[in-house]
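Asks: Starting off with a structure, shown below.
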Amino acid sequence: MTIPKIFTLDDINKVISTPEFELKLIDAMQTGFVSLENGDFFACPIQTMGLPPFPFVEIDGYASQTCVKSGYFKGGKYYVIKVASGGFPQENSGLMQVFSQQTGKLEALLLDNGILTEVRTAAVGALSTKLLAPREITCIGIIGTGIQARFQLGMLASVTSCRKVRVWGRSEDKAKVFQQEMRAKGWEVAVVKKADELFDECNLIVTTTCAREPVLGEAALDKLKDRKYGLHITCIGADAPGKIELDPNLVAQADLLVADTVSQSVERGEYEQAVKDGLVQESKIVPLGKFIGSPEEHRKQDDVRLTIFDSSGVALQDCIVAQMTYDALKDLKYMVN
């Protein structure tokens, strides 16, 4: 039996932690979503274990959720199976498995502890900013202060020159830690006391929480009543049934709704509740791949639309980041065995 190549997180970080890799990843995501729209990418149904609305996997005070996503490109070199776990009190964990499409052989194990999921999610957030956000971003609003908030902001450096940031989090202490860390990386970060205050300055807002009640609710709706400027919101946090960050009425006010995949967004993403409430018709939500291929819908100068993008996370992203990482590791010959 041939043992697959095994790469640790240290190995992986050597190839993914560069601006060049990030730019290539964002471009690959854009091409990949067009392939998805054209039927050239195939994904298996998501498998999820643990945490509401599914039964808890709980033993002596521990709880976890494990998500399995897999897929492949038609005519590609590999197929990928990703296992990602998280919960409390333990931190995120997981790995990606890279198989040969030609032989079915397991070629590599990427022991990434969930970091590649964070990276690929941030890449799609940056892609949505590139395509949907106002041409001149004046201030970036970040909702949430966890690891994905950090990755989202970091990846935005690849697509915008704006460095002015306002952040809101449930914990003021964690928000201040976030502020200090991001300031050290060149971002001009200030903490706001209420999430709706982001609308006072920001024309790009990114939500990164695991909320089950809207973080942007009635107060945000009031702020939007007399809006005369273009605004884009990227929703990252809702990735399982019942999760929600935006008031459904706010979603209904959008001039354009885009999703990584419409069916998944309605089933387990940010648009779930708005569709259930009858405020949004599923047919009005545009798949990202279709939007990319419709330049007439892309953001123009002086465009005052409210646009929303929902990223519930699809296997396509895992396949792209795993393939790129594995190929980069092979090129640099970081072989553990």
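Residue-by-condition table, conditions (1) outside any strand (DSSP E or B); (2) over 20 Å from Gly71 (Cβ atoms); (3) over 20 Å from the mean Cα position of the chain (by Cα); (4) of a type in the set (Val, Ile, Thr):
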position	(1), (2), (3), (4)
Ile6	no, yes, yes, yes
Asp10	yes, yes, yes, no
Asn13	yes, yes, no, no
Glu20	yes, yes, no, no
Leu23	yes, yes, no, no
Ile26	yes, no, no, yes
Met29	yes, no, no, no
Phe33	yes, no, no, no
Pro45	yes, no, no, no
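Asks: Among the residues of segment 131-148, what is the count of those that are out of contact with any Ser or Thr (no Cβ under 8 Å at 6 or more places or on another chain) and either in a helix (DSSP H, G or I) or not polar (S, T, N, Q) (or both)?
Replies: Within segment 131-148, residues that are out of contact with any Ser or Thr (no Cβ under 8 Å at 6 or more places or on another chain) and either in a helix (DSSP H, G or I) or not polar (S, T, N, Q) (or both) number 7.
Asks: Kindly evaluate Glu188 against the criterion of being acidic (Asp, Glu), free of Cβ contacts under 8 Å to residues at least 40 places away in the same chain and either farther than 27 Å from Thr138 by Cβ or buried (at least 23 other Cβ atoms within 10 Å of the Cβ) (or both). Break it down stepwise before answering.
Replies: Values: acidic (Asp, Glu): yes; free of Cβ contacts under 8 Å to residues at least 40 places away in the same chain: yes; either farther than 27 Å from Thr138 by Cβ or buried (at least 23 other Cβ atoms within 10 Å of the Cβ) (or both): no.
Taking the combined requirement at face value, the residue does not satisfy it.
Asks: Run down Val68, Val57 and say which single residue is out of contact with any Cys (no Cβ under 8 Å at 6 or more places or on another chain), surrounded by fewer than 16 Cβ atoms within 10 Å (Cβ to Cβ), modelled with pLDDT under 95 and of a type in the set (A, V, I, L, M).
Replies: On the way: Val68 fails: surrounded by fewer than 16 Cβ atoms within 10 Å (Cβ to Cβ).
Matching residue, one of Val68, Val57: Val57.
Asks: Then there's this: Taking the condition touching a residue at least 12 places away in the same chain (Cβ under 8 Å), over 30 Å from Gly76 (Cα atoms), surrounded by fewer than 21 Cβ atoms within 10 Å (Cβ to Cβ) and in contact with a helix residue (DSSP H, G or I) (Cβ under 7 Å, 6 or more places away or on another chain), does Lys223 pass?
Replies: Numbers: touching a residue at least 12 places away in the same chain (Cβ under 8 Å): yes; over 30 Å from Gly76 (Cα atoms): yes; surrounded by fewer than 21 Cβ atoms within 10 Å (Cβ to Cβ): yes; in contact with a helix residue (DSSP H, G or I) (Cβ under 7 Å, 6 or more places away or on another chain): yes.
Yes.
The values are calculated or read from the model by the stated rules, or taken from the named source; none is laboratory data. Predicted, not measured: the structure shown is a model, and the values here were computed from it. Reconstructed Cβ throughout: ideal geometry from the backbone, glycine too, with neighbour counts over all protein chains shown.
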